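This report concerns only the one structure given below.
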Amino acid sequence: YVRRVRGTRARILDTRKTLPGLRRLEKYAVRVGGGSNHRMGLDEAVLIKTNHLRVFTRRRSAISEVIPRAIRQARRAAGGKMVEIETANLREFVAALRARADAILLDNWRLANIRHAVARRNATRSRRHAPPRLEVSGGITLANIRAVAKTGVDHISIGRLTHSAPALDVSLEVL
């Protein structure tokens, strides 16, 4: 994965999806392979997932109202830690962009929509506010990662780096 994105701005990230008891070792392996660690535990940043937003939308609130409110609440509780929000479509992305999330996760997005999100983010750059980091996840393979990286996203997170890594069969035979 790291070799496939070489020459682009994209960095490869692992996820927290690790085997029980092997998190440190699996994340170390990702770093040795040229990737980066997203975070070791839940306490390092705030990630607002789609299911968190559903709690608010059950009350018939528009998603454009829910996302800014969720980001404000997360910032108050985060104590200066990064606030990232998962988005499922362009409408949610625009709301997160306007609410100035530190990072926006584009989960299971089509390539054309990723390109649109990158262009939209780049068009909103200003001297007063740093643009949000864009992270893509879901459906990433060796076959499509280069195309995703060339869109201009900052990070591509891949769970299979840790949760599906093949095991090395090491045995000791006594003769």
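The values are calculated or read from the model by the stated rules, or taken from the named source; none is laboratory data. The model shown is predicted, which means the values in this text are computed figures rather than measured ones. So basically every Cβ, Gly included, is an ideal-geometry build from the backbone, and we count neighbours across all protein chains shown. Accessible surface is based on the protein model in full, side chains and every heavy atom, while ligands, DNA and RNA are left aside. Shrake-Rupley method; radii C 1.70, N 1.55, O 1.52, S 1.80 Å.
See the values below:
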| item | result |
| --- | --- |
| Pairs, first among the β-branched types (Val, Ile, Thr) in the range 71-100, second part of a loop (DSSP other than H, G, I, E, B) and open to solvent by 10 Å² or more (accessible area, probe 1.4 Å), C-beta under 7 Å, six or more apart | Ile71/Ala99; Val83/Asp102 |
| Enumeration of residues in the range 104-119 that are without any contact (Cβ under 8 Å) to a residue 40 or more places away in the chain and not aromatic (Phe, Trp, Tyr) | Ile104, Asn108, Arg110, Ala112, Asn113, Ile114, Arg115, His116, Ala117, Val118, Ala119 |
| Candidate set: the range 2-55, residues that are part of a strand (DSSP E or B) and either touching a His at 6+ places or on another chain (Cβ under 7 Å) or open to solvent by 50 Å² or more (accessible area, probe 1.4 Å) (or both); chosen: the one modelled with the highest pLDDT | Arg11 |
| Residue match in the range 123-144 (condition: open to solvent by 20 Å² or more (accessible area, probe 1.4 Å), more than 30 Å from Val32 (Cα to Cα) and polar (S, T, N, Q)) | yes |
| Residue, farthest from Arg121 (Cα to Cα), within the range 64-101, restricted to residues that are small (Gly, Ala, Ser) and not in a helix (DSSP H, G or I) | Gly79 |
| Residue list for the range 121-145, restricted to those being outside any helix (DSSP H, G or I), at pLDDT 95 or above and β-branched (Val, Ile, Thr) | Val136 |
